[in-house]
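Asks: Let me give you the structure first, and then I'll get to my questions.
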Amino acid sequence: MDQAVYSAIAATPTPALDVGMRRLSHSANHSKIWISAAAALAVVGRGPGWHAALQGLASVAVASTVVNQGVKRLGSRRRPDRESALVPPARHVPMPTSLSFPSGHSASAFAFAAGVGNRLPAVGVPLHGLAGVVAYSRVHTGVHYPGDVVVGSVLGTVVAQLTTRAIDRYLDRPR
């Protein structure tokens with residue numbers, strides 16, 4: 001089923017989306033989009049924004065480590081063969097050399113959204129929407145199977161919940 005959905009996405013002509021998905025996927029490399037969003041939150045949101053940005057970035061750091069240094073090594077799934085699936089070249093981003101399962105980009109995206117949403121739920125809603133589009137962009141550009149991004153998204157959310165719970169306990173402890 002994973003291969004079938006991947007192939008269906010590859011075969012669907014979407015010239016209006018291709019450049020945007022490629023740019024969005026690229027902007028999520030090295031968490032650039034989440035670092036920028038955190039900086040904006042910290043400046044605009046003052047105290048609450050600063051705390052939300054801290055929780056978002058801490059969640060990204062932990063999720064990225066868990067996924068990229070732990071779970072990916074257990075999964076050992078190779079990247080899709082986008083040439084044989086006929087993913088249009090206009091969608092291509094550089095093919096990562098790491099393993100495919102689970103998606104680190106998706107994990108980081110959902111970790112940031114959940115981390116920020118823990119402190120600022122109203123901001124977490126659009127960030128979750130953006131995280132979903134980032135996750136989809138990884139399939140659209142041909143570098144992940146749909147299952148990779150689904151599992152990465154769930155892992156990022158779970159890790160963020162655990163991370164923010166630990167941070168909340170630390171911040172709320174008696175001094």
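Asks: Condition check: among the hydroxyl-bearing types (Ser, Thr, Tyr) and farther than 19 Å from LEU162 by Cα. Does SER108 satisfy that?
Replies: Values: among the hydroxyl-bearing types (Ser, Thr, Tyr): yes; farther than 19 Å from LEU162 by Cα: no.
No.
Asks: I'm told THR65 meets every condition in (1) open to solvent by 30 Å² or more (accessible area, probe 1.4 Å); (2) more than 18 Å from VAL159 (Cα to Cα) except one. Can you identify the failing condition by its number?
Replies: Failed condition: (2).
Asks: Continuing with the same structure: For the range 137-156, indicate whether the set of residues that are within 28 Å of ASP18 (Cβ to Cβ), basic (Lys, Arg) and either open to solvent by 10 Å² or more (accessible area, probe 1.4 Å) or part of a helix (DSSP H, G or I) (or both) is non-empty.
Replies: Taking every residue of the range 137-156 in turn, at least one turns out to be within 28 Å of ASP18 (Cβ to Cβ), basic (Lys, Arg) and either open to solvent by 10 Å² or more (accessible area, probe 1.4 Å) or part of a helix (DSSP H, G or I) (or both).
Asks: So, one more: Would you mind telling me which numbered condition in (1) surrounded by 20 or more Cβ atoms within 10 Å (Cβ to Cβ); (2) assigned to a helix (DSSP H, G or I); (3) not hydroxyl-bearing (Ser, Thr, Tyr) PRO80 fails?
Replies: (2)
Asks: Could you tell me which residue of the range 1-36 is farthest from ASP148 (Cα to Cα), considering only residues that are in a helix (DSSP H, G or I), β-branched (Val, Ile, Thr) and open to solvent by less than 40 Å² (accessible area, probe 1.4 Å)? It would help to see each step written out before you state the result.
Replies: Taking the range 1-36 first, the residues in a helix (DSSP H, G or I) are 2-11, 15-27, 29-36.
Applying the additional criterion that residues be β-branched (Val, Ile, Thr) yields 5, 9, 19, 33, 35.
Cutting the leftovers down to open to solvent by less than 40 Å² (accessible area, probe 1.4 Å) gives us 9, 33.
Values: ILE9: 15, ILE33: 20 Å.
Result: ILE33.
Asks: Going by what's in this entry, would SER108 be described as touching a residue at least 40 places away in the same chain (Cβ under 8 Å), open to solvent by less than 30 Å² (accessible area, probe 1.4 Å) and not in a helix (DSSP H, G or I)? Explain how you work it out, then say what you get.
Replies: Working: touching a residue at least 40 places away in the same chain (Cβ under 8 Å): yes; open to solvent by less than 30 Å² (accessible area, probe 1.4 Å): yes; not in a helix (DSSP H, G or I): no.
No; evaluated as a whole, the condition is false for this residue.
Asks: A further question on this structure: Can you tell me which of (1) in contact (Cβ under 8 Å) with a residue 40 or more places away in the chain; (2) farther than 25 Å from TYR6 by Cβ; (3) of a type in the set (A, V, I, L, M); (4) surrounded by fewer than 17 Cβ atoms within 10 Å (Cβ to Cβ) is the one ALA85 doesn't meet?
Replies: All conditions are met except number (2).
Asks: Another question, then. Going through VAL19, VAL62 one at a time, which residue ends up being within 13 Å of SER108 (Cα to Cα) and out of contact with any strand residue (DSSP E or B) (no Cβ under 6 Å at 6 or more places or on another chain)? Spell out the reasoning first.
Replies: Numbers: VAL19 fails: within 13 Å of SER108 (Cα to Cα).
Among VAL19, VAL62, only VAL62 is within 13 Å of SER108 (Cα to Cα) and out of contact with any strand residue (DSSP E or B) (no Cβ under 6 Å at 6 or more places or on another chain).
Asks: Looking at the range 54-77, which of its residues are part of a helix (DSSP H, G or I), among the polar types (S, T, N, Q) and free of Cβ contacts under 8 Å to residues at least 40 places away in the same chain? Break it down stepwise before answering.
Replies: Within the range 54-77, the subset part of a helix (DSSP H, G or I) is 54-75.
Right, trim to among the polar types (S, T, N, Q) and you get 55, 59, 64-65, 68-69.
THR65, ASN68, GLN69, listed by residue number.
Asks: For PRO102, indicate whether it is under 14 Å from THR65 (Cα atoms) and outside any helix (DSSP H, G or I). Explain how you work it out, then say what you get.
Replies: Details: under 14 Å from THR65 (Cα atoms): yes; outside any helix (DSSP H, G or I): yes.
So PRO102 fits the description; yes.
Asks: Next question, about the same structure. Do the conditions hold for HIS51, that is, is it open to solvent by 40 Å² or more (accessible area, probe 1.4 Å), touching a residue at least 40 places away in the same chain (Cβ under 8 Å), assigned to a helix (DSSP H, G or I) and more than 11 Å from ARG91 (Cβ to Cβ)? Break it down into steps so the answer makes sense when it comes.
Replies: On the way: open to solvent by 40 Å² or more (accessible area, probe 1.4 Å): yes; touching a residue at least 40 places away in the same chain (Cβ under 8 Å): yes; assigned to a helix (DSSP H, G or I): yes; more than 11 Å from ARG91 (Cβ to Cβ): yes.
Yes; evaluated as a whole, the condition is true for this residue.
The values are calculated or read from the model by the stated rules, or taken from the named source; none is laboratory data. Quick caveat: nothing in here was measured; it's all calculated off a predicted structure. For neighbour counting, all protein chains shown are included, and Cβ atoms are generated from backbone atoms with ideal geometry for every residue, glycine included. Surface accessibility is based on the protein's heavy atoms, side chains included, excluding ligands, DNA and RNA. Shrake-Rupley method; radii C 1.70, N 1.55, O 1.52, S 1.80 Å.
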